[in-house]
Amino acid sequence: MARTFAQEEIIVADLDTFREETRAWLDENCPASMRRPVMTDKDLCWGGRKWVFASDDQRVWLERMAERGWTAPQWPAEYGGGGLSKEEAKILKQEMTRIGARRPLDSFGIDMLGPALLKFGNEAQKRRFIPEIVRGEIRWCQGYSEPNAGSDLASLQARADDKGDHYLVNGSKVWTSYADKSDWIFCLVRTDFEGPKHQGISFLLFDMESEGVSVNPIRLISGNSPFCETFFENVRVPKAHLVGEVNQGWSIAKYLLTHEREMIGGFGLSRSGRESLGTIARQALGSADGRLANEGLRADIAAFEIDELAFALTAERVVDEARAGQGTGAASSLLKLYGTELNKVRNELLMSVGGSAALRWGDAQHTALSQHWLRSKGNSLEGGSSEIQLNIIAKRILGLPG
Amino acid sequence: MALIFNEEQQMLRDAAKTFIGESSPVARLRELRDRGEAWSPDLWSGMADMGWTGITIAEQFGGLDFGYVGAGIILEECGRTLAASPLLSSSMVCADLVATLGSEQQKSDWLPGIASGEWIVSLALNEADRFDPGTIAATAVADGSGFALAGTKRHVPDAPMATHFLVVACTNGQAATGDDLSLCLVDRNAAGLGVTLSLNLDARRVGELQLDAVRIDADRVIGLGGGAGEGLQRALDIAAALSAAELLGLAQEAFERTVGYLKERKQFGVPIGSFQALQHRAAQLFAELELCKSVVLKALQAIDADAPDRSLLASAAKAKVAKTARLAVNEAVQMHGGIGMTDDFDLGFFMKRAAAAVQEYGDDYYHADRFGRLSGY
């Protein structure tokens, strides 16, 4: 619908007012310690029943933002979301970036499940789960990959048998992020073994404290254990917790994956709140005539920063195009592919800048760099590997056969 | 500002695509090359009729005042068909120098001629083989009521058709670095000016100018007393961003032709585009081109807004696109196989033009280095 010039003027004026009010509110309500850059994983707030806040400020910041629904700014206000327009949400983000405000809540509920639930869930499911997600009271994990279903996710074998008023779930999942810390799981299960593999999958929600659920953390090369093996043995799941239609879970899974890809791809572009690679390198290496002392490293850093800038602008353009109805589609694959590969390059360069000092292991203060470097290797695997994203681009955008 | 084209800009793109596609397809370049002709005056008068020769010039001087995003749209379409014209140097770069640095009198004397396409002004800047605008040895020394120009300029664009040269020279009589620069408008047939043309691999011709006591009146100098540094920097940002726009068009066209070929060429009984090895190379190139589109548009918007990060963005754009265009033409030939190596097939034109356009106004190495300097390292 075309807006008249006068309508545009009113909207612009409204947005200016929104910006002023938002700025004032953030100034007053964002605690000083929540404006410092995120240095370690401990600075993130994941929420949930088992969550122990790292500080009072972390708790207060979450509560204040959740109160306004600003942990999920664009979700409908009737379910506790912020109810903001895209323009307003962009302003909120800009104003948060301006003061270096941390995200009040990191949540798979917000980044992954929520959008799918709002689109495919029934009214009772939305009323039950969305407000809890917004307030950070429930922590979710994702039951997708299995030992024999990685890139070929649709061949998954965890099964849910129809027992009248409930399903009985059996099988196992792997690479379940934070399964040991989560309250609930959104889980892909096979409900039909006869037809095509994509058409026998259903999307279930269940409590991780249900009888028959067990979890085994996997120790990674970084020394941390963010992922788990998850086992289900005769887990009873009420039918009310089936999202969408039975055997129609694959389309929900794919929809959710586009949001996951955007979240993971975003790792590469969160330039705000962290120092530029060039600045870090200048401090570490020193400079001669205003240039980094090492010419080869300098050239690689400049190439990286140009890509990083062009990538951040692409993420911005994708949003602007979507808003104007000009999107090309499959943008999430592009962002996931490029963002994760860039993050790996950044970590490689940080290790090179650090030199031998980057090799320390065993004490929290010095190990973050090398652990992040090791962790970044998984960015181009999780949520669909880079090769899967290239497949999607080749087939869906370029229209290549096969 | 949103990173999308507005309605007017989209209309301009449609018009440019149609006009350039019809009046100057790649086949036209082949004709010109085979006949040994330097350029197409018909294309130029057509562009003038469309108003493009004054695309960024203010309306009061006969231009369209459409801005640099618009200029980029036209050059991108020129890049797609490898159409050669003096638009970049004359109507965009030199016109901006006059508009930014010229007196009111100079603007009203010179800009209407550029806007109508009657004047073709070429920027005579380069002296070295690698782009180095900070080191200028040409001099303009006070001589009675005017100046006498001396020096050598190399790789000067649009030399065959230029009616004037805008010569970058040092007015304090010494070899200059950076700010001691002025710009002198020299008629093509001025006494003491020698122009030697050289053919480049892209079938375009560049000039070497020998300036031997070329006399000009004082009112032919802009940025007198070394005031041109700032304005020249802005003009070279414009040149870099627009050169990137042209290369982006070229790279996209080479890419799209390649994807088309992958769908149609069969080996082992199937289209070669069904092979994952080629699919992934094409998809990777697609991703690089998407980044190029974003950074070029942002750089051109920054020029239109005269934003503080204009120089950083212009260098990022040229560095990123130059590297990607090189990748695009190399991948195009590799994925086409032997046919891509033949002169009968058009791909070679893309590869050759890319090599030349990469050098114009600084290649990826120059601009990545500048990006680093501007970023404080």
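The values are calculated or read from the model by the stated rules, or taken from the named source; none is laboratory data. Keep in mind it's a predicted model, so treat the numbers as computed, not measured. A quick note on method: Cβ atoms are made from the backbone with ideal geometry, for glycine too, and the neighbour counts reach across all protein chains shown. Surface accessibility is based on the protein's heavy atoms, side chains included, excluding ligands, DNA and RNA. Shrake-Rupley method; radii C 1.70, N 1.55, O 1.52, S 1.80 Å.
Points worth noting:
- The lone criterion from (1) part of a strand (DSSP E or B); (2) hydrophobic (A, V, I, L, M, F, W, C); (3) over 18 Å from A:LYS254 (Cα atoms); (4) open to solvent by 30 Å² or more (accessible area, probe 1.4 Å) left unmet by A:TRP175 is number (3).
- Count of region A:118-153 residues which are of a type in the set (A, V, I, L, M) and surrounded by fewer than 20 Cβ atoms within 10 Å (Cβ to Cβ): 3
- Taken over region A:205-215, residues that are within 11 Å of A:LEU242 (Cα to Cα) and open to solvent by 20 Å² or more (accessible area, probe 1.4 Å) amount to 0.
- Here the condition is being under 29 Å from B:ALA2 (Cβ atoms), small (Gly, Ala, Ser) and not in a loop (DSSP other than H, G, I, E, B); of A:ALA66, A:ALA24, it holds for A:ALA24 alone.
- Filter result (polar (S, T, N, Q) and under 20 Å from the mean Cα position of the chain (by Cα)) within region B:24-62: B:SER24, B:SER40, B:SER45, B:THR53, B:THR56
- Residue within region A:240-262 that is within 13 Å of another protein chain (Cβ to nearest Cβ), assigned to a helix (DSSP H, G or I) and at pLDDT below 95 present: no
Table: residues versus (1) part of a helix (DSSP H, G or I); (2) more than 13 Å from every other protein chain (Cβ to nearest Cβ); (3) open to solvent by less than 40 Å² (accessible area, probe 1.4 Å).
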{"position": "B:VAL333", "(1), (2), (3)": "yes, yes, yes"}
{"position": "B:GLY337", "(1), (2), (3)": "yes, yes, yes"}
{"position": "B:GLY348", "(1), (2), (3)": "yes, yes, yes"}
{"position": "B:LYS352", "(1), (2), (3)": "yes, yes, no"}
{"position": "B:ALA356", "(1), (2), (3)": "yes, yes, yes"}
{"position": "B:TYR365", "(1), (2), (3)": "yes, no, no"}
{"position": "B:ALA368", "(1), (2), (3)": "yes, no, yes"}
{"position": "B:PHE371", "(1), (2), (3)": "yes, no, yes"}
{"position": "B:TYR377", "(1), (2), (3)": "no, no, yes"}
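- Just so you know, in region A:178-204 the residues that are over 23 Å from the mean Cα position of the chain (by Cα) and part of a strand (DSSP E or B) include one that is surrounded by the fewest Cβ atoms within 10 Å (Cβ to Cβ), and it is A:ARG190.
- Condition check for A:ASP111: part of a helix (DSSP H, G or I), over 20 Å from the mean Cα position of the chain (by Cα) and surrounded by 16 or more Cβ atoms within 10 Å (Cβ to Cβ): no
- Among the residues of region A:53-92, those that are open to solvent by 60 Å² or more (accessible area, probe 1.4 Å), free of Cβ contacts under 8 Å to residues at least 12 places away in the same chain and not acidic (Asp, Glu) comprise A:PHE53, A:ARG59, A:ALA77.
- Scanning region B:302-328 for residues that are more than 10 Å from chain A (Cβ to nearest Cβ) and surrounded by fewer than 24 Cβ atoms within 10 Å (Cβ to Cβ) yields B:ALA302, B:ASP304, B:ALA305, B:ASP306, B:ALA307, B:PRO308, B:ARG310, B:SER311, B:ARG326, B:LEU327.
- Hits in region B:255-293 (condition: within 27 Å of A:VAL318 (Cα to Cα), of a type in the set (Asp, Glu) and either open to solvent by 30 Å² or more (accessible area, probe 1.4 Å) or not in a helix (DSSP H, G or I) (or both)): B:GLU256
- Neighbours by Cβ (under 6 Å, 6+ apart or cross-chain): first from region A:375-402, more than 11 Å from chain B (Cβ to nearest Cβ) and over 11 Å from B:GLN279 (Cα atoms); second hydroxyl-bearing (Ser, Thr, Tyr) and open to solvent by less than 20 Å² (accessible area, probe 1.4 Å): A:ARG375/A:SER222; A:ASN379/A:THR340; A:SER380/A:THR340; A:SER380/A:SER386
- Selection within region B:245-274 - at the interface with chain A (Cβ under 7 Å from one of its Cβ atoms) and under 25 Å from the mean Cα position of the chain (by Cα): none
- Exactly one residue among B:ALA277, B:ALA239, B:ALA287 is modelled with pLDDT of 95 or more, more than 9 Å from every other protein chain (Cβ to nearest Cβ) and under 24 Å from B:ALA354 (Cα atoms), and that residue is B:ALA239.
- Subset of region A:308-331 that is free of Cβ contacts under 8 Å to residues at least 60 places away in the same chain and more than 7 Å from every other protein chain (Cβ to nearest Cβ) - its residue that is farthest from the chain's Cα centre (by Cα): A:GLY325
- Top-ranked residue of region A:334-351 - restricted to ones that are open to solvent by 30 Å² or more (accessible area, probe 1.4 Å) and touching a helix residue (DSSP H, G or I) at 6+ places or on another chain (Cβ under 6 Å), ranked as nearest to A:LEU277 (Cα to Cα): A:VAL345
- 2 or more residues open to solvent by 30 Å² or more (accessible area, probe 1.4 Å) and in contact with a strand residue (DSSP E or B) (Cβ under 6 Å, 6 or more places away or on another chain): qualifying strands (runs of 3 or more DSSP E) within region B:111-227: B:146-156, B:193-199, B:205-217
- Residue list for region B:1-49, restricted to those being in a helix (DSSP H, G or I), farther than 25 Å from B:SER116 by Cα and away from chain A (no Cβ under 14 Å): B:VAL26, B:ALA27, B:ARG30, B:GLU31, B:ARG33, B:ASP34, B:ARG35
Quick grid of which residues meet (1) in contact with a helix residue (DSSP H, G or I) (Cβ under 9 Å, 6 or more places away or on another chain); (2) farther than 23 Å from B:ASP96 by Cβ:
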| residue | (1), (2) |
| --- | --- |
| B:GLY146 | yes, yes |
| B:LEU149 | no, no |
| B:HIS155 | yes, no |
| B:HIS164 | yes, no |
| B:ASP180 | yes, no |
| B:GLY207 | no, no |
| B:ALA228 | yes, no |
| B:GLN233 | yes, no |
